1. So how many residues does the range 180-223 have that are surrounded by fewer than 16 Cβ atoms within 10 Å (Cβ to Cβ), farther than 20 Å from Y151 by Cα and of a type in the set (S, T, N, Q)?
2. E85 versus (1) modelled with pLDDT of 90 or more; (2) part of a loop (DSSP other than H, G, I, E, B); (3) not hydrophobic (A, V, I, L, M, F, W, C): which is the lone unmet condition?
3. Looking at (1) more than 27 Å from R205 (Cβ to Cβ); (2) modelled with pLDDT of 80 or more, which one does D98 not meet, given that it meets all the others?
4. Pull out all pairs, ordered by first then second residue, where Cβ-Cβ is under 8 Å, the residues are six or more apart or on different chains, the first lies in the range 136-156 and is assigned by TED's automatic domain parsing to the domain that holds H191 and assigned to a helix (DSSP H, G or I), and the second is modelled with pLDDT of 95 or more and of a type in the set (D, E, K, R).
5. Is there a residue in the range 103-118 that is modelled with pLDDT of 95 or more and either farther than 29 Å from T203 by Cα or surrounded by fewer than 18 Cβ atoms within 10 Å (Cβ to Cβ) (or both)?
6. Would you confirm, using the coordinates I've provided, whether T177 is closer than 22 Å to E211 by Cα, of a type in the set (S, T, N, Q) and surrounded by fewer than 22 Cβ atoms within 10 Å (Cβ to Cβ)?
Amino acid sequence: MTLSSLLGELALLAVLVVGVLMVGRLLVRERLVRTVARQFPEQADEIRRAARSVPLLRAIPAPADPYARTHRIVVAPLGDGRPGEAFWAPGPAEGQGDLGPDGSRTDVRVRLAEGVQMLVVCLGRVGTPSDGPGDPIEPAAERARIVHAAYRPPQQALGPVDPVPTAAGPGWRTTSTFGGTRFLTDTHIDHDGWAFVVGVLSTARHARSVEALDGILSTWRWIPDAQWPPGEETAGL
């Protein structure tokens, strides 16, 4: 599986994650309702009605303006040397900090607009195997070229690998489409020997989505592992 297809699937799996969360919260809620109703049998019906009137998940509306910078997103370092990051985005973080068995981490997922998701993934240390005994993680420039050359139908490259300057450091960018209905732009960046991919997935008006991503990247700040938790001198990170 290529890095770009992995990012695309992560965005699609978000829907499944929401479903799992709803089932889990439903089970917990019903267990609590039964426990409290047994303690107050005279008010059991009222307790059930009140508890079941509360939504299982609070819907987070898509930001009205993908270019807005209203939410400060902070991803803490993991504690193994990899840096964290902070940036400004149009909406809150919707997923954060999932560590994979290969040492990669889904740092954060942010919805930029309806049908537009931003994903930040730390692949691991540059030079270490990306999947067990597999090939080592290449530096960002070579990594982007390898990913670009590995696209296979229904995923198709749109244009060449493009170098892009960002506040997070030099980036190398690939853009692809999945059957002409979904579009993915991945920006590969390295920092302090760690490999990152910042991706944006959209279903329409992808150029606008990439512009919104570039605006976010312009606010990027790395958080060194040694500076976490932040003290007075680093609280502004």
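1. Final tally of qualifying residues: 2.
2. Of (1) modelled with pLDDT of 90 or more; (2) part of a loop (DSSP other than H, G, I, E, B); (3) not hydrophobic (A, V, I, L, M, F, W, C), only one is false for E85: (2).
3. D98 satisfies all of (1) more than 27 Å from R205 (Cβ to Cβ); (2) modelled with pLDDT of 80 or more except (2).
4. As it stands, the answer is A140/D190; A144/R173; A144/D186; I146/E138; V147/D186, since those pairs meet every condition given.
5. no
6. Details: closer than 22 Å to E211 by Cα: yes; of a type in the set (S, T, N, Q): yes; surrounded by fewer than 22 Cβ atoms within 10 Å (Cβ to Cβ): yes.
When the stated conditions are applied, T177 passes them.
The values are calculated or read from the model by the stated rules, or taken from the named source; none is laboratory data. This one's a predicted model, so the numbers in the text were calculated from it and none came from an experiment. Note: ideal-geometry Cβ built from the backbone for every residue, glycine included; neighbour counts use all protein chains shown.
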